[in-house]
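*Asks:* Mind having a look at this structure? Questions to follow.
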Amino acid sequence: MRGAGFRVGRYTSPHLVDFRERIVVDEIPMSPESIVEFLARWDPDAAKLGTTFFEVTTAMALSHFALQKVDVALVEVGLGGRLDATNVVQPVAAAVTQIGFDHIEYLGNSLVEIAGEKAGIFKRDAVAVIGDTRPETAKVLLQHAQNAGASEILMTGRDWKVSSVSVGPTGTSFSHSVAGHSERLRSALTGVFQAENSATALAMLRGAGGEWAKAAARASAFLPEVRIAGRFHRVGPYIFDVAHNTDGAATVAANLRGIDVPKPIVAVVSVLGDKDWKGILKELASVTEQIILTDAPTAPASRSWNVDDVWAWTQRSGFNTVLESNFEKALDTAKRAGGTVLITGSFHTVGDAMERLQVDPLAR
């Protein structure tokens, strides 16, 4: 949309290094002065209402977008969908991408239950886009979209198709077929799933119609310029990836198998204790020569993993792991030992590493 000349607001979470990464207009983060001004005006009311951090931040983002007179706001759901603070928005188009197991304590213990929560963003008279490829979850999303009274429902595999996906050092190429027309596209983002994500985004634009559909028609010119910090994000010898569940780690592993990177590959890993760290480490152990287990400094104490117990489990499992609780020392050890250094396990891990290595998440 920016390539097509629109003024675009983007609200995402969490941030990696700087809170202002969450609220951006045309790649310019909200200024500290604007944040202070908003809080000075609204914090007393927020305190009276007992609002959460995320609720206040969502209100801040929407206020900033209004004041900045954006043409369009891209609003990422924080958690789930149905009960998320972002669901106050009446969208032009709403999309659900591939669903995985995450936040099961809030969203449900099955993919079908999780899909039902995420489908809560579908609204009457708004386009609903279904990018999940699993039949059982796509069926749930379709039913919810129909019940919500969506103006149009677009589904992957039915209304568009992605095929011949190729992952390489410069991104992901794929064939994209819509209404009998096929086009070869390339995204700068790395990963098989990025092909489906790109196609889902284009379906949102087509569904929105008008000038948005015209922007989608010019995807071949704009997709190669897309950047997302912390998603197989390569800077020198480092690869930063916020994968914090088994599906995410499996994607990282698949990328490393498909791309020729300098060896050995050494991973610096810190995972929150309430995540499936065993599944994550199994995936990473299959593609790395060594894993350095550590503690991300900003990980909440209540959710931090017990790195001593983790190390003991990896030793019993036969993985080549090193225990280094000090985060700075872990980074230094990896740099000296690895041809490629993968930093992964959580947003905290990646953000803490970027801050110490002076990597700007918003840099182009």
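*Asks:* Computing the accessible area with a 1.4 Å probe over protein heavy atoms, can you report the carbon and sulfur percentage for the stretch 105-184? Don't skip to the answer; put the middle values down first.
*Replies:* Numbers: 1920 of 3970 Å².
For the stretch 105-184, the apolar C and S fraction of the accessible surface comes to 49 percent.
*Asks:* Helix 32-49 against the longest principal axis of the chain: what's the angle in degrees, Cα atoms only, rounded to the nearest 10?
*Replies:* So the helix axis and the longest Cα principal axis differ by about 80 degrees.
*Asks:* Pick out, from Thr190, Thr137, Val89, the residue whose Cα sits farthest towards the positive end of the charge dipole of the stretch 86-236, with +1 on the Cβ of Lys and Arg and -1 on the Cβ of Asp and Glu.
*Replies:* Farthest along the dipole direction, towards plus: Thr190.
*Asks:* Something else: How far, in nm, would the chain grow between Asn326 and Ala301 when pulled straight, counting 0.36 nm per residue and subtracting the alpha carbon separation? Could the numbers behind the result be given before it?
*Replies:* Details: separation 25, 0.36 × 25 = 9.00 nm, distance 1.49 nm.
Additional length available on full extension: 7.5 nm.
*Asks:* For the chain, give the share of DSSP beta bridges that are antiparallel, in percent and rounded to the nearest 5; count only bridges with both residues there. Walk me through the numbers before you get to the answer.
*Replies:* Values: 22 of 51 bridges.
Given both bridge residues lie in the chain, the antiparallel proportion sits at roughly 45 percent.
*Asks:* What residues qualify as long-range amide H neighbours of Gly273, i.e. H under 5 Å apart, gap of 5 or more or another chain, H built at 1.01 Å from N?
*Replies:* Here the answer is Ser304, Trp305, since their amide H atoms fall under 5 Å of that of Gly273.
*Asks:* Something else about it: For Arg356, project a label point 7 Å along Cα to C-beta. Then give me every residue of the stretch 256-287 with its amide nitrogen under 18 Å of that point.
*Replies:* Residues passing the 18 Å test: 266-273.
*Asks:* When the Karplus curve 6.51 cos²θ - 1.76 cosθ + 1.60 is applied with θ = phi - 60°, which whole-Hz ³J(HN,Hα) does each residue of the stretch 326-333 get, with x for Gly and Pro?
*Replies:* Once rounded to whole Hz, the list reads 6, 5, 4, 5, 4, 5, 5, 4.
*Asks:* Non-local amide H neighbours of Val322 (under 5 Å, H modeled in plane, Pro and chain starts lacking H): which ones?
*Replies:* Amide H neighbours of Val322, under 5 Å, 5+ apart: Ile291, Ile292, Leu293.
*Asks:* Could you go through the stretch 183-191 in sequence order and give the Karplus-derived ³J(HN,Hα) for each residue, using 6.51 cos²θ - 1.76 cosθ + 1.60 with θ = phi - 60°, rounded to whole Hz, and x for Gly and Pro?
*Replies:* Coupling constants for the stretch 183-191: 9, 8, 10, 9, 10, 6, 7, 9, x Hz.
*Asks:* Where the only charges are on Cβ atoms (+1 Lys, Arg; -1 Asp, Glu), what is the dipole of the chain about its Cα centre, to the nearest 20 debye?
*Replies:* Values: 36 positive and 41 negative charges, 198 e Å.
So the magnitude is around 960 debye.
*Asks:* Next up: Can you give me the Rg/Rh ratio for the stretch 9-162, using Cα atoms for both radii and the Kirkwood formula for Rh?
*Replies:* 1.00
*Asks:* Quick one: which residues, 5+ away or cross-chain, put their amide H under 5 Å from the amide H of Leu74? H built at 1.01 Å from N.
*Replies:* Residues meeting the amide H criterion: Gly9, Arg10, Tyr11.
*Asks:* Right, here's the next one. Arrange the peptides 311-318, 295-302 so that the one whose residues have, on average, the most other Cβ atoms within 10 Å appears first. Mind showing how you got there, number by number?
*Replies:* Values: 311-318: 13.5, 295-302: 15.1.
Put in order of decreasing packing, that is 295-302, 311-318.
*Asks:* May I ask you to work out the translational diffusion coefficient for the chain at 25 °C, viscosity 0.890 mPa s, via Stokes-Einstein with Rh from the Kirkwood sum over Cα pairs, reported in whole µm²/s?
*Replies:* Working: Rh = 21.7 Å.
Using the Kirkwood radius from Cα pairs, D works out to 113 µm²/s.
*Asks:* Turning to a different aspect of this structure: What is the total of Lys pairs in the chain with C-alpha atoms under 19 Å apart, excluding same-chain pairs fewer than 8 positions apart? Show your work: numbers first, answer last.
*Replies:* Details: Lys118/Lys139; Lys123/Lys139; Lys139/Lys161; Lys263/Lys335.
Count of close lysine pairs: 4.
*Asks:* Which of Ala334, Thr288, Val269 sits closest to the plus end of the dipole of the stretch 260-364, meaning its Cα is farthest towards the positive end, when Lys and Arg get +1 and Asp and Glu get -1 on the C-beta?
*Replies:* Of the listed residues, the answer is Thr288.
*Asks:* Let me ask something additional. Points 7 angstrom from Cα along the Cβ direction at His181 and Arg158: gap in nanometres?
*Replies:* 2.3
*Asks:* Work through the residues other than Asp159 whose Cβ is under 12 Å from its Cβ and net out their charges, Lys, Arg +1 and Asp, Glu -1. Intermediate results must be reported in sequence, preceding the final value.
*Replies:* Values: positive: Arg158, Lys161, Arg206; negative: Glu152.
Here the charged neighbours net out to +2.
*Asks:* So how strong a dipole does the stretch 109-227 carry about its Cα centre when Lys and Arg Cβ are +1 and Asp and Glu Cβ are -1, to the nearest 20 debye?
*Replies:* On the way: 13 positive and 11 negative charges, 48 e Å.
It works out to roughly 220 debye.
*Asks:* How far is helix 246-258 tilted off the main Cα axis of the chain, in degrees rounded to 10, range 0 to 90?
*Replies:* Long axis of 246-258 versus the principal axis of the chain: about 80 degrees.
*Asks:* Another question about this same structure. Taking every DSSP beta bridge that has both residues in the stretch 216-355, what percent is antiparallel when rounded to the nearest 5? Write out the running numbers ahead of the final one.
*Replies:* Numbers: 4 of 20 bridges.
Antiparallel: roughly 20 percent of the beta bridges in the stretch 216-355.
*Asks:* Shifting gears a bit: Tally the DSSP beta bridges in the stretch 72-210 and give the antiparallel ones as a percent, rounded to 5.
*Replies:* Working: 13 of 22 bridges.
In the stretch 72-210, approximately 60 percent of DSSP beta bridges are antiparallel ones.
*Asks:* A further question follows. In whole Hz, with x marking every Gly and Pro, tabulate ³J(HN,Hα) for the stretch 341-350 from phi via Karplus 6.51 cos²θ - 1.76 cosθ + 1.60, θ = phi - 60°.
*Replies:* In residue order, the calculated couplings are 10, 8, 10, 7, x, 5, 5, 4, 4, 5 Hz.
*Asks:* Hey, another quick one. For the chain, which longest stretch is free of loop sites, where a loop site is one of the GluC sites (Glu not before Pro) that DSSP puts outside H, G, I, E and B and that has at most 14 other Cβ atoms within 10 Å? All intermediate terms of the calculation are to be shown ahead of the outcome.
*Replies:* On the way: sites that count: Glu27, Glu76.
Result, exposed sites excluded: 77-364.
*Asks:* Ignoring ligands, DNA and RNA, what accessible area per residue does the stretch 1-132 give at 1.4 Å, in Å²?
*Replies:* Values: 6730 Å² over 132 residues.
It amounts to 51 Å² per residue over the stretch 1-132.
*Asks:* May I pose another question? Just the number, please: carbon plus sulfur as a percent of the accessible area of the stretch 227-327, 1.4 Å probe, no ligands or DNA/RNA counted. Don't skip to the end; give the middle numbers.
*Replies:* Numbers: 2130 of 4330 Å².
About 49 percent, which is the carbon plus sulfur part of the accessible surface.
*Asks:* Let's see if you can work this out: charge +1 on each Lys and Arg Cβ, -1 on each Asp and Glu Cβ, no other charges. What is the dipole magnitude of the stretch 253-364 about its Cα centre, in debye to the nearest 20? Spell out each step's value before the answer.
*Replies:* Numbers: 12 positive and 14 negative charges, 55 e Å.
Result for the stretch 253-364 is approximately 260 debye, rounded to the nearest 20.
The values are calculated or read from the model by the stated rules, or taken from the named source; none is laboratory data. Since we're looking at a predicted model, the values are computed, not measured. For neighbour counting, all protein chains shown are included, and Cβ atoms are generated from backbone atoms with ideal geometry for every residue, glycine included. Accessible surface is based on the protein model in full, side chains and every heavy atom, while ligands, DNA and RNA are left aside. Shrake-Rupley method; radii C 1.70, N 1.55, O 1.52, S 1.80 Å.
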